[in-house]
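Before any comments, here is the structure.
The values are calculated or read from the model by the stated rules, or taken from the named source; none is laboratory data. Everything numeric in this text was worked out from a predicted model, so none of it was measured. Cβ: placed from backbone, ideal geometry, glycine included. Neighbour counts: every protein chain shown.
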Amino acid sequence: MTETTMSVTEIESNRETLEQKRAEACLGGGEARVERQHAKGKQTARERIEALLDPDTFSEVGMFVTHRATGFRMEEAHPAGDGVVTGTGRIDGRPVCVFAQDFTVLGGSVGEAHGQKIAKIMELAIRTGVPLVGINDSGGARIQEGVDALAAYGEIFYQNVQASGVVPQISIILGPCAGGAVYSPAITDFVVMVEKTAHMFITGPQVIRAVTHEVVDFESLGGAGVHAELSGVAHFVAKDEDDALAQVRWLLSYLPQNNLDPPPHQQAQDDPGRSTPELVELIPTDPQHPYDVRDVIAAVVDGGGGGGAADFLEVQAGYAQNVVIGLARMDGYPVGIVANQPAVLAGVIDIDAADKAARFIRFCDAFHVPLVTLVDTPGFLPGVDQEHGGVIRHGAKLLFAYAEATVPKVSLVLRKAYGGAYIVMSSKHLRGDLNLAWPDAEIAVMGPEGAVDIIFRRELFEAEDSDARRAELTRDYRSQLANPFVAAARGYIDDVILPSESRARILEALAVLRDKRAATPKRKHGNIPL
Ligand code: HXC
């Protein structure tokens with residue numbers, strides 16, 4: 001043994017010191033606070049990470065980081081890790097970067113060191129091209145650290161923006177997420193909120209009471225239900241923490257690691273050429289009658305035929321339900337589905353639906369997820385509220401998103417495609433790659449009844465039997481204009497297909513388009529009307 005070699009005792013002592021330090025760090029805010037966390041139905045940061053990742057794959061980074069703040073009794077508390085656990089791990093064998101705020105340490109509040117840890121793991125995610133999953137449970141900016149806490153948030157937000165469109169970013173909200181802190185999840189691609197314990201808001205009940213005299217509680221202000229149904233901030237709601245973590249694992253199965261990788265392919269169990277005869281009966285013969293477009297989605301995506309579970313993950317299912325968006329697999333390849341929903345508001349496009357679909361389209365485009373659009377809409381929602389709310393600006397986002405998207409774009413007009421909505425919904429004019437329609441599709445400036453009332457107003461006024469004349473003119477209009485063959489004759493619709501051919505034709509188009517190349521003009525970025 002040379003003098004520079006460690007003795008067995010020294011090695012053993014190092015091991016003991018390290019184990020002790022690790023054990024201390026893992027204590028978080030101490031047993032009492034961990035108990036309080038559990039009593040609220042919440043897990044600790046480390047328990048959550050364990051539940052999220054594949055077993056034994058977590059490599060922690062920054063376990064021994066502590067804050068360097070002084071004053072307000074901060075000298076007394078130097079918890080290792082500074083209230084956030086960060087590191088890398090695997091989900092279904094694929095690497096991810098992860099952080100989980102530890103509410104048992106200073107309420108998971110964000111100070112300088114805490115923020116630097118999060119920003120560092122985000123930078124690593126960007127540099128290595130792996131998705132970032134953030135678990136939020138925090139009282140917000142650490143009050144004792146003043147402007148350093150705000151600076152830390154600024155660093156996090158900056159990294160969120162750098163990561164946007166480079167790696168998928170997913171936020172899981174499992175506790176409070178208050179004040180400006182909400183802007184980090186808001187920038188990310190998907191937000192999952194757990195029922196009851198997750199709350200997101202810019203200004204809390206106390207501030208609201210002071211300023212507006214309104215009395216409101218956390219749940220009705222910013223609970224999961226509010227953000228999933230009213231604000232559109234949350235994409236998924238989970239019944240408990242394990243459900244939230246499981247949903248994220250499932251969501252990641254559709255997503256590529258980064259903007260340079262293709263989305264992951266899974267061996268499909270479903271016949272790509274499977275006929276979809278069930279769709280023949282699905283659409284009511286009366287064009288005014290609703291149906292649930294999710295039944296069409298279920299029929300065309302993998303697994304849906306023969307009563308199996310369709311491979312479809314609906315996104316923002318509770319928000320702006322007049323449009324349905326979600327991730328699905330077709331022949332094992334992930335696709336993004338955008339579909340008007342005739343069962344809600346007849347499938348009109350309004351402000352919220354336009355925003356919802358536009359953001360999803362941009363996500364899919366950023367990450368090479370082909371778009372499949374199912375069209376059945378009478379158009380944009382008329383009304384003073386919509387006009388004053390800026391439906392012009394919001395509807396333009398949807399148009400912009402489709403036009404700028406260069407991923408494969410396949411569309412199928414199921415029934416109505418009227419007016420501006422026809423153009424907006426992935427039309428040929430916005431460079432749809434393959435535009436299909438069913439034989440009963442109505443593609444026109446407006447519906448037959450409205451059109452006849454406008455162009456034949458005088459004639460109807462003068463007619464002896466105006467109802468009979470209106471019915472006759474409506475029939476004429478429908479046969480001459482409101483069908484897919486006029487558009488098909490111009491080449492705006494590439495083919496008219498039978499409902500039973502839907503899955504096979506969409507799949508074939510996607511297969512042909514898989515290596516699509518599209519050039520766009522060189523520019524810094526477009527100026528989407530936000
Ligand atoms: C420091 C904090 C903290 C904070 C909570 N704690 N929030 N410490 N800075 N922001 C500490 C508490 O002192 C307590 O410490 C522990 O965390 C748990 O807090 P409790 O209040 O006991 O928990 P609970 O009853 O569950 O209430 C949670 C809460 C409440 C709703 C989050 O703590 C709260 O309202 N906190 C303040 C929220 C806030 O206003 N934050 C600033 C927002 S502005 P002990 O030692 O007792 O365990 C903001 C700006 C960001 O964040 C700007 C970014 C641009």
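Picking from residues in segment 122-143 that are within 11 Å of the ligand (Cβ to nearest atom) and buried (at least 17 other Cβ atoms within 10 Å of the Cβ), the one that is farthest from residue 185 (Cα to Cα) is 142. Considering only residues of segment 157-172 that are of a type in the set (A, V, I, L, M, F, W, C) and within 15 Å of the ligand (Cβ to nearest atom), which is farthest from residue 47 (Cα to Cα)? Top of the filtered list is 161.
The number of residues in segment 279-310 that are in contact (Cβ under 8 Å) with a residue 24 or more places away in the chain and of a type in the set (Asp, Glu) comes to 2. Out of 395, 389, one residue alone is of a type in the set (Gly, Ala, Ser), surrounded by fewer than 22 Cβ atoms within 10 Å (Cβ to Cβ) and under 20 Å from residue 321 (Cβ atoms). It is 389. Of the helices (runs of 4 or more DSSP H) lying entirely inside segment 378-470, those carrying at least 2 residues that are at pLDDT below 95, over 27 Å from residue 528 (Cβ atoms) and touching a strand residue (DSSP E or B) at 6+ places or on another chain (Cβ under 9 Å) are 448-455. For segment 98-116, a residue qualifies if it is under 18 Å from residue 178 (Cβ atoms) and part of a helix (DSSP H, G or I), and the qualifying residues are 106, 107, 108, 114, 115.
Among the residues of segment 21-50, those identified as assigned to a helix (DSSP H, G or I) and surrounded by 15 or more Cβ atoms within 10 Å (Cβ to Cβ) are 25, 26, 33, 34, 37, 45, 46, 47, 48, 49, 50. Name the single residue that is farthest from the chain's Cα centre (by Cα) among those in segment 444-480 being of a type in the set (Phe, Trp, Tyr) and farther than 18 Å from residue 416 by Cα. Among those that are of a type in the set (Phe, Trp, Tyr) and farther than 18 Å from residue 416 by Cα, it is 461.
Given 165, 129, 154, which one is more than 23 Å from residue 95 (Cα to Cα) and out of contact with any Cys (no Cβ under 6 Å at 6 or more places or on another chain)? Even if it seems obvious, please write down each step before you answer.
Values: 165 fails: more than 23 Å from residue 95 (Cα to Cα); 129 fails: more than 23 Å from residue 95 (Cα to Cα).
Exactly one residue qualifies, and that residue is 154.
Go through the residues of segment 465-481 one by one and say whether even a single one is in contact (Cβ under 8 Å) with a residue 12 or more places away in the chain, at negative phi and in contact with a Gly (Cβ under 8 Å, 6 or more places away or on another chain). For segment 465-481, residues in contact (Cβ under 8 Å) with a residue 12 or more places away in the chain, at negative phi and in contact with a Gly (Cβ under 8 Å, 6 or more places away or on another chain): absent.
Here is a yes/no grid of residues against (1) touching a strand residue (DSSP E or B) at 6+ places or on another chain (Cβ under 7 Å); (2) modelled with pLDDT under 95; (3) surrounded by 21 or more Cβ atoms within 10 Å (Cβ to Cβ):
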site: 257; (1), (2), (3): yes, no, yes
site: 278; (1), (2), (3): no, yes, no
site: 302; (1), (2), (3): yes, no, yes
site: 309; (1), (2), (3): no, yes, no
site: 319; (1), (2), (3): no, no, yes
site: 330; (1), (2), (3): no, no, yes
site: 335; (1), (2), (3): yes, no, yes
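With respect to residue 119, is the statement that it is more than 23 Å from residue 236 (Cα to Cα), more than 11 Å from the ligand (Cβ to nearest atom), small (Gly, Ala, Ser) and part of a helix (DSSP H, G or I) true? Yes: the conditions hold for residue 119. Given the structure, is residue 175 among the small types (Gly, Ala, Ser), within 15 Å of the ligand (Cβ to nearest atom) and in contact with a Phe, Trp or Tyr (Cβ under 9 Å, 6 or more places away or on another chain)? Yes: the conditions hold for residue 175.
Have a look at 190, 218, 201 and point out the one that is over 20 Å from residue 103 (Cα atoms) and among the aromatic types (Phe, Trp, Tyr). Talk me through it step by step, then tell me what you get.
Values: 218 fails: over 20 Å from residue 103 (Cα atoms); 201 fails: over 20 Å from residue 103 (Cα atoms).
Only one candidate passes the filter, namely 190.
Residues in segment 402-429 that are within 25 Å of the chain's Cα centre (by Cα) and within 16 Å of residue 490 (Cβ to Cβ) were compared, and the one that is surrounded by the fewest Cβ atoms within 10 Å (Cβ to Cβ) is 423.
Within segment 82-95, identify whether any single residue is under 21 Å from residue 244 (Cβ atoms), within 13 Å of the ligand (Cβ to nearest atom) and assigned to a helix (DSSP H, G or I), and answer yes or no. Among the residues of segment 82-95, not one is under 21 Å from residue 244 (Cβ atoms), within 13 Å of the ligand (Cβ to nearest atom) and assigned to a helix (DSSP H, G or I), which makes the answer no. Within segment 487-502, the set of residues being touching a residue at least 40 places away in the same chain (Cβ under 8 Å) and closer than 18 Å to residue 426 by Cα comprises 487, 488, 491, 492, 493, 494, 495, 496, 497, 502. Residues in segment 144-156 that are touching a residue at least 40 places away in the same chain (Cβ under 8 Å) and either β-branched (Val, Ile, Thr) or away from the ligand (no atom under 16 Å from the Cβ) (or both): 1 in all. Scanning segment 133-179 for residues that are in a helix (DSSP H, G or I), at pLDDT below 95 and in contact with a strand residue (DSSP E or B) (Cβ under 7 Å, 6 or more places away or on another chain) yields a single hit, 179.
Here's the yes/no breakdown for (1) under 27 Å from residue 36 (Cβ atoms); (2) in contact with a helix residue (DSSP H, G or I) (Cβ under 6 Å, 6 or more places away or on another chain):
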| site | (1), (2) |
| --- | --- |
| 80 | yes, yes |
| 95 | no, no |
| 109 | yes, no |
| 122 | no, yes |
| 138 | yes, yes |
| 144 | yes, yes |
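Against the condition at pLDDT 95 or above, more than 9 Å from the ligand (Cβ to nearest atom) and under 22 Å from residue 34 (Cα atoms), how does residue 99 come out, does it pass? When the stated conditions are applied, residue 99 passes them.
Among the candidates 59, 109, which residue alone is within 12 Å of the ligand (Cβ to nearest atom) and either under 25 Å from residue 257 (Cβ atoms) or in contact with a strand residue (DSSP E or B) (Cβ under 9 Å, 6 or more places away or on another chain) (or both)?
109
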